[in-house]
Structure formats: C-alpha cells, structure tokens
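The values are calculated or read from the model by the stated rules, or taken from the named source; none is laboratory data. What you see is a predicted model, and the numbers here were worked out from it, not measured in a lab. When we count neighbours, we look across all protein chains shown, and the Cβ atoms used for this are built from the backbone with ideal geometry, even at glycine. Keep in mind that these areas ignore ligands, DNA and RNA; they rest on the heavy atoms of the full protein, side chains included. Shrake-Rupley method; radii C 1.70, N 1.55, O 1.52, S 1.80 Å.
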Amino acid sequence: MSAEIVNLRQFRKKQARSDKETQAEHNRIAFGRTKAEKKLTTTLNEKAAKAHEAGRIETKKTED
C-alpha cells in the first residue's frame, strides 16, 4: 500500500484559490445585480410579507 504524495504548499494554494472563487461567486450573486433587479426583489419581498401578515388570525387574550 502506498499513499499519494501531496505537496502541502501546492495543496494550500489550490485550496485558497478554490475558496476565493467560491467567495467571488457569492459576491457576483449578491452585488452583481442592476438597480432595477434589486428594487424588484425588494418590492416582491415586501408584497409577500404583507400577504403573510394579512393571513394572520388575531386571538383574544383572556385575563384570568
């Protein structure tokens, strides 16, 4: 049985590149949108929140 020999310096650099690419992908999703897209998302979220609150059932609290 022989194990694969790994150069730790190269492994760390490869891991760092992978982490940076993952972070860049998240940033592209979060910040790479136009102003109109951001506004549309905001208004859709507000509309959904209002619809959710409109369906809430009010219960009376009884005092003992």
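Here are a few things to note about the model shown:
- Residues of region 8-64 that are under 16 Å from the mean Cα position of the chain (by Cα), among the aliphatic types (A, V, I, L, M) and either at pLDDT 95 or above or not in a helix (DSSP H, G or I) (or both): Ala24 alone.
- Look at (1) in a helix (DSSP H, G or I); (2) of a type in the set (S, T, N, Q); (3) open to solvent by 100 Å² or more (accessible area, probe 1.4 Å) and you find that Ser2 fails only one, number (1).
- Matching entry among Leu8, Leu44 (being surrounded by 10 or more Cβ atoms within 10 Å (Cβ to Cβ) and among the hydrophobic types (A, V, I, L, M, F, W, C)): Leu44
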